[in-house]
Amino acid sequence: MFCYYCSQDVLLNGDIRPIRLIDVCKKEIVNTKQICENCYNVGNICIITHVWGNTKKYDSLHTQIKNLTWDVALSNKNKLDDILSGCRQLNVKWCWLDTVCIKQDDDDEKAIEIPKMSFLYKTSTF
């Protein structure tokens, strides 16, 4: 498999990556298995847990995130834009937002991703 960004071979070497990240500049979901180690490590990763509670589900049309094919729960439709704008201002390459990067209605995926969360928090830049 070749890297989505630089066309080099992708060697995962057993690292603990989330299934997907948001490319902040391109505003798109990227499967981390398509990113080589060099591109994955270029730039910072911002890890965000969205506030639970009063949320509304928005579809991909409203979020305007490329490759997002499932609904996401947000407190308001501008929240995601605010988060990504803040990441861009901090020169962050990747954003992992739990409500976007984990399909919340997929119990199998949640069972894989939730155990990775403590590692993500420990190794994130922000």
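Evaluate region 87-98: report whether one residue or more is part of a loop (DSSP other than H, G, I, E, B), under 24 Å from Lys122 (Cβ atoms), touching a Phe, Trp or Tyr at 6+ places or on another chain (Cβ under 8 Å) and open to solvent by less than 70 Å² (accessible area, probe 1.4 Å).
no
Take the residues in region 34-75 that are more than 27 Å from Tyr5 (Cα to Cα) and in contact with a Phe, Trp or Tyr (Cβ under 9 Å, 6 or more places away or on another chain), then tell me which one is least open to solvent (accessible area, probe 1.4 Å).
Leu74
Only residues that are part of a helix (DSSP H, G or I) and open to solvent by 10 Å² or more (accessible area, probe 1.4 Å): list them for region 16-33, please.
Lys33
Would you pick out the residues in region 37-59 that are at pLDDT 85 or above and either touching a Cys at 6+ places or on another chain (Cβ under 6 Å) or at positive phi (or both)?
Cys46
Identify, by number, the condition in (1) at pLDDT below 90; (2) among the small types (Gly, Ala, Ser); (3) touching a strand residue (DSSP E or B) at 6+ places or on another chain (Cβ under 9 Å) that Gly86 doesn't meet.
The failed condition is (1).
For residues that are modelled with pLDDT of 90 or more and either touching a Pro at 6+ places or on another chain (Cβ under 6 Å) or surrounded by 20 or more Cβ atoms within 10 Å (Cβ to Cβ) (or both), scanning just region 99-112, find the one that is farthest from Leu61 (Cα to Cα).
So the residue we want is Ile102.
Among the listed residues Lys116, Lys103, Lys57, which satisfies the condition of being in a helix (DSSP H, G or I) and among the basic types (Lys, Arg)?
That would be Lys116, the only listed residue that is in a helix (DSSP H, G or I) and among the basic types (Lys, Arg).
The values are calculated or read from the model by the stated rules, or taken from the named source; none is laboratory data. Note that the coordinates shown come from a computational prediction; the quantities given were computed from them, not determined experimentally. Don't worry about glycine lacking a Cβ; one is built from the backbone with ideal geometry, like all the others, and counts go over all protein chains shown. Surface accessibility is based on the protein's heavy atoms, side chains included, excluding ligands, DNA and RNA. Shrake-Rupley method; radii C 1.70, N 1.55, O 1.52, S 1.80 Å.
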